Amino acid sequence: SASLDSVVSAFRSVCGEDSVSLGDAIRQQHGKDESMHRCRPPDVVVFPHCVEEVSALAKVCHNHCLPIIPFGTGTGLEGGVSAVKGGVCFSLRNMDQVLDLHPEDFDVTVEPGVTRKALNAYLRDTGLWFPVDPGADASLCGMAATSASGTNAVRYGTMRENVINLEVVLADGTIIHTAGKGRHPRKTSAGYNLTNLFVGSEGTLGIITKTTLRLYGMPEAMVSAVCSFPSVQAAVDSTVQILQAGVPIARIEFLDDVMIDACNRFSSLSYPVSQTLFLEFHGSERSLEEQVNTAEDITQSNGGSDFQWAQDSETRSRLWKARHDAWYAALALRPGCKAYSTDVCVPLSRLPQIIVETKKDLTENRLTGPIAGHVGDGNFHCLMVLDPNDPGELERVHLFTERLARRALAMGGTCTGEHGVGLGKRALLCEELGPMTIQVMHSLKDALDPNNLMNPGKILHPREA
């Protein structure tokens, strides 16, 4: 259309001829993530090189009332990049600088094109690392936008605990720094917590163009172990008791019998096919000895097997690669099928009950849903493997996921521990928070984005006009 043509030429004058794409393949690629939500491509994709270009492009969109959808690596799991109202996808991969590393302050600032693996490669010789590790090699700014997490969160926290400052471009092109420009103190009580308003906002309030992150010293020693259990209850009871004993465990992951079987096949491992914990301990040689002794006493008192150790870094990385590849291992159980990952989180004490009830529900409804969980913080995933061409199975999975989320809510938990709300969990969010809290969220959205241009239709249901 004529209006699109004039906008495209405005975009090209901002970021160059080659950085604006109307090509079908590029648009398709930027309209979908790893989720089951169908691809809704944007009308145009722009590839800015710096925050000034992001701001100028946003101004053009604002003046023409065009929706803006930020795009990092496309590894999201809730349809967050879907262009439900068309508009402009801001693909941020060309902004890939690591800036302002302060090793003595344990922090660093990165642009949106920097992924977690790229940052850790950059940090390799400094003795520092960034521990938050979702399964995918996601963009760190995208991880901030979804409040992502991973296997290390039990010790090091999620993105929410590890973001110190953000540079954000608002819907009208305004550039703000949520904690003040150039500031990176370890703590602050200065005003509203805008940093964490944008962490988890999924692109609905602004585009994150820089994030300042907390770093950690590389532990002197790391050791991993695998332990098998006779029941879900025994594995999860062990987890709770290890945490109650004050063991500063770095990772404690639960894999049920179906999941460990899938991982064995996919990653050529040979662990017993039963309820399993993968554990990892970080610290000095001496503190590790103490941590491990306590953990072994607890697991054995719950009927756990002897630990199978992974001490050298090669065996350890193979173990955690197998855990991070659980998604692909689940898919391989049924070739040609698609996967959908549920993401509930409950208070620790309710974890055994919800996992037992969930496994029963899966069996009764003839569903394939191996379970893998970051049980140290009460979060687990059923990796639902389903045939997208079987309407009956699709319906059974849909009903199952609703029951699972409501089971979590009934236990004082949440419908999403780390993937975000996106498109599919908007109704559940209302049940979780209640109408008055949702109303406050709408007020914040209206204040920052009055024309509803920023990633419209995500998190909050559009209100009836």
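One residue alone among Gly182, Gly203 is closer than 30 Å to Gly142 by Cβ, surrounded by fewer than 22 Cβ atoms within 10 Å (Cβ to Cβ), out of contact with any Lys or Arg (no Cβ under 6 Å at 6 or more places or on another chain) and not hydrophobic (A, V, I, L, M, F, W, C), and that residue is Gly182. Mind listing just one residue for me: the one in the stretch 139-160 that is in contact with a Lys or Arg (Cβ under 8 Å, 6 or more places away or on another chain) and assigned to a helix (DSSP H, G or I) and, of those, surrounded by the fewest Cβ atoms within 10 Å (Cβ to Cβ)? The extreme case among them is Arg155.
The sole residue among Glu285, Glu280, Glu290 that is under 29 Å from Gly217 (Cα atoms) and surrounded by 15 or more Cβ atoms within 10 Å (Cβ to Cβ) is Glu280.
Criterion applied to Gln311, Gln275, Gln244, Gln300 was being within 27 Å of Gly157 (Cβ to Cβ) and free of Cβ contacts under 8 Å to residues at least 40 places away in the same chain, and the one residue passing it is Gln244.
In the stretch 233-241, the count of residues that are open to solvent by less than 10 Å² (accessible area, probe 1.4 Å), farther than 22 Å from Cys382 by Cα and touching a Pro at 6+ places or on another chain (Cβ under 7 Å) is zero. In the stretch 305-317, the count of residues that are open to solvent by 40 Å² or more (accessible area, probe 1.4 Å), of a type outside the set (Asp, Glu) and in contact with a Phe, Trp or Tyr (Cβ under 6 Å, 6 or more places away or on another chain) is zero.
Number of residues in the stretch 250-267 that are of a type in the set (Lys, Arg) and part of a helix (DSSP H, G or I) equals 1.
Restricted to the stretch 417-457, and to residues that are open to solvent by less than 30 Å² (accessible area, probe 1.4 Å) and among the β-branched types (Val, Ile, Thr), which residue is farthest from Gly86 (Cα to Cα)? Residue satisfying both the conditions and the ranking: Ile438. Taken residue by residue, the stretch 244-252 has no member that is over 20 Å from the mean Cα position of the chain (by Cα) and more than 30 Å from Arg350 (Cβ to Cβ).
Listed here are the residues, each with its yes/no results for (1) more than 25 Å from the chain's Cα centre (by Cα); (2) modelled with pLDDT under 95; (3) over 28 Å from Pro391 (Cα atoms).
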site: Thr276; (1), (2), (3): no, no, yes
site: Leu279; (1), (2), (3): no, no, yes
site: Ala295; (1), (2), (3): yes, no, yes
site: Phe307; (1), (2), (3): yes, yes, yes
site: Ala310; (1), (2), (3): yes, yes, yes
site: Ser317; (1), (2), (3): no, yes, yes
site: Trp327; (1), (2), (3): no, yes, no
site: Thr363; (1), (2), (3): yes, no, no
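Note on the stretch 37-94: residues that are of a type in the set (A, V, I, L, M, F, W, C), surrounded by fewer than 20 Cβ atoms within 10 Å (Cβ to Cβ) and assigned to a loop (DSSP other than H, G, I, E, B) amount to 3. Restricted to helices (runs of 4 or more DSSP H) entirely inside the stretch 367-465, those with at least 3 residues that are acidic (Asp, Glu) are 391-410.
For Gly127, the test of being in contact with a Pro (Cβ under 9 Å, 6 or more places away or on another chain) and either at pLDDT 95 or above or closer than 25 Å to Met218 by Cβ (or both) is passed.
Considering (1) open to solvent by less than 40 Å² (accessible area, probe 1.4 Å); (2) touching a strand residue (DSSP E or B) at 6+ places or on another chain (Cβ under 9 Å); (3) not hydrophobic (A, V, I, L, M, F, W, C), the lone condition that Glu220 does not fulfil carries the number (1). Of the set (1) at pLDDT 95 or above; (2) part of a strand (DSSP E or B), all apply to Ala339 but (1). Number of residues in the stretch 299-328 that are part of a helix (DSSP H, G or I), within 25 Å of Lys425 (Cα to Cα) and in contact with a helix residue (DSSP H, G or I) (Cβ under 8 Å, 6 or more places away or on another chain) equals 2.
Let's see how each residue does on (1) at pLDDT 95 or above; (2) of a type in the set (A, V, I, L, M):
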| site | (1), (2) |
| --- | --- |
| Leu4 | no, yes |
| Ser9 | yes, no |
| Ser13 | yes, no |
| Ser21 | yes, no |
| Asp24 | yes, no |
| Pro42 | yes, no |
| Val51 | yes, yes |
| Ser55 | yes, no |
| Lys59 | yes, no |
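Restricting attention to the stretch 337-361, the residues that are under 21 Å from Asn389 (Cα atoms) and out of contact with any helix residue (DSSP H, G or I) (no Cβ under 9 Å at 6 or more places or on another chain) add up to 0.
The values are calculated or read from the model by the stated rules, or taken from the named source; none is laboratory data. These numbers were taken from a predicted model, which means no experiment stands behind them. With ideal geometry, Cβ positions are generated from the backbone for all residues, glycine too; neighbour counts draw on all protein chains shown. With ligands, DNA and RNA removed, areas are computed over all heavy atoms of the protein, side chains included. Shrake-Rupley method; radii C 1.70, N 1.55, O 1.52, S 1.80 Å.
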